[in-house]
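Notes follow the structure.
The values are calculated or read from the model by the stated rules, or taken from the named source; none is laboratory data. Predicted model only: the values in this text are computed from it and were never measured. Don't worry about glycine lacking a Cβ; one is built from the backbone with ideal geometry, like all the others, and counts go over all protein chains shown. In case anyone asks, the SASA skips ligands and DNA or RNA and just uses the protein heavy atoms, side chains included. Shrake-Rupley method; radii C 1.70, N 1.55, O 1.52, S 1.80 Å.
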Amino acid sequence: MTRLSQAYKGGYDGKPGYWLHFHYDEELIERLKQIVPASERTWDEDNKRWWVSEDACERVLAILPQLETFMKQPELGLEI
């Protein structure tokens with residue numbers, strides 16, 4: 001099973017969601033593409049990470065259950 005190495009809240013194209021980092025796993029990527037519509041996900045080639053919309057997170061949990069741990073963490077912020 002591929003492990004999610006990092007996930008954090010972040011928007012894309014004006015939509016809330018999560019950025020996901022994991023080692024390359026062709027099977028996992030195909031499953032992600034099958035369960036999350038293209039309009040709800042994107043691949044960031046420069047940073048080697050996937051973005052999924054908040055609406056798609058429930059489906060993503062089926063293949064990356066570790067995401068739940070990251071979703072429960074408080075958002076990091078910097079007060080100035």
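Largest accessible area first, the residues 5, 53 order themselves as 5, 53 under a 1.4 Å probe with ligands, DNA and RNA left out.
As a fraction of the 1.4 Å probe accessible area of the chain, surface on carbon and sulfur atoms comes out at 48 percent. For trypsin sites (Lys or Arg not before Pro), the sites in the range 1-60 that DSSP calls loop and that have at most 14 other Cβ atoms within 10 Å are 3, 48. Under a model in which nothing but the beta-carbon of Lys, Arg (+1) and Asp, Glu (-1) is charged, the chain shows a dipole of about 140 debye around its Cα centre.
Accessible area per residue for the chain is 71 Å², calculated with a 1.4 Å probe on protein heavy atoms, without ligands, DNA or RNA. Shown here for the chain: GluC sites (Glu not before Pro) in loop regions (DSSP other than H, G, I, E, B) with at most 12 other Cβ atoms within 10 Å, namely 45, 75, 79. Would you mind checking the tilt of helix 26-35 against the longest principal axis of the Cα atoms of the chain, expressed as 0 to 90 degrees and rounded to 10? Compared with the principal axis, the helix lies near 80 degrees.
Rg of the Cα atoms in the chain, relative to 2.2 N^0.38 Å, amounts to 1.06. Maximal additional length on extending the residue 30-residue 45 stretch stands at 3.8 nm, based on 0.36 nm per residue less the C-alpha distance.
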